[in-house]
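Right, one structure below, let's go through it.
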Amino acid sequence: MKIHQNARHFASKKALELPVVRDVTKAGLVRMHTGIFLEKTDPEHREERKERLDAFFDATMDSYLAALQAGAPEEEAREITHIQSNFDFYNHGWTEMMEFPSDELEEHYERYETFFSNHDITIADPLGDFAPDEIPEAPSTPEKLDDPVHPHAESGFADDVYVEGDDGEIRVGGFDEPEDVDISDAVGVDEGEA
């Protein structure tokens with residue numbers, strides 16, 4: 001899939017790995033992702049999906065850290081969380097929120113099959129071992145799976161992680177982590193919450 005990467009991603013990664021600012025950054029990232037994906041859906045569904053998305057994205061922050069601890073570079077760890085989210089969107093028929101077309105689900109799963117199988121993650125169970133004891137439900141729109149519309153999906157990026165930098169350059173794989181990462185640039189921390 002194609003994702004963006006800049007210094008803020010590395011700052012957020014570093015902040016998530018530090019006990020003092022972890023909670024602030026995690027809350028900021030959850031809030032940010034929920035907001036981004038709610039904007040991709042019809043206004044009539046936004047409120048009913050918010051609680052589930054908050055809980056879901058909170059759980060994916062744990063899978064992000066687990067992927068990093070297993071040796072994944074930042075862009076791959078983050079892509080794993082986006083793939084998990086797209087599995088959940090698909091399962092709910094929320095095709096308008098998907099970042100890649102539903103016919104690429106298996107390809108994305110297979111690229112990270114080792115990580116996913118190690119944590120009991122499947123397309124049908126996108127959180128696997130990272131699922132909280134309870135996660136809010138939200139109404140599904142299964143009728144959208146009959147003829148899925150993916151206005152925000154980009155196809156053709158299922159074979160690897162494609163990373164776009166601030167300069168617009170797209171490359172396979174990510175950028176090197178800067179040496180001078182400033183955690184004050186991390187999501188949540190930069191919002192004055194720390």
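The values are calculated or read from the model by the stated rules, or taken from the named source; none is laboratory data. Not measured: the values here are computed from a predicted model. Note: ideal-geometry Cβ built from the backbone for every residue, glycine included; neighbour counts use all protein chains shown. Only protein heavy atoms, including side chains, enter the accessible area calculation; ligands, DNA and RNA are left aside. Shrake-Rupley method; radii C 1.70, N 1.55, O 1.52, S 1.80 Å.
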Exercise. Count, please, the residues in the stretch 35-70 that happen to be of a type in the set (G, A, S) and either more than 16 Å from the chain's Cα centre (by Cα) or farther than 19 Å from K13 by Cα (or both).
Key: 3
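Filter the stretch 90-114 down to residues that are in contact with a helix residue (DSSP H, G or I) (Cβ under 7 Å, 6 or more places away or on another chain), assigned to a helix (DSSP H, G or I) and touching a residue at least 40 places away in the same chain (Cβ under 8 Å) and give me whichever is most open to solvent (accessible area, probe 1.4 Å).
The qualifying residue most open to solvent (accessible area, probe 1.4 Å) is Y90.
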Practice problem: Show the residue pairs that are 6+ apart or on different chains and have beta-carbon atoms under 6 Å apart, the first residue being within the stretch 156-178 and without any contact (Cβ under 8 Å) to a residue 60 or more places away in the chain, the second being open to solvent by 50 Å² or more (accessible area, probe 1.4 Å) and among the aliphatic types (A, V, I, L, M). | Solution: D160/V172
Quiz item: Looking at I36, I80, which one is closer than 18 Å to H119 by Cα, assigned to a helix (DSSP H, G or I) and not acidic (D, E)?
Solution: I80
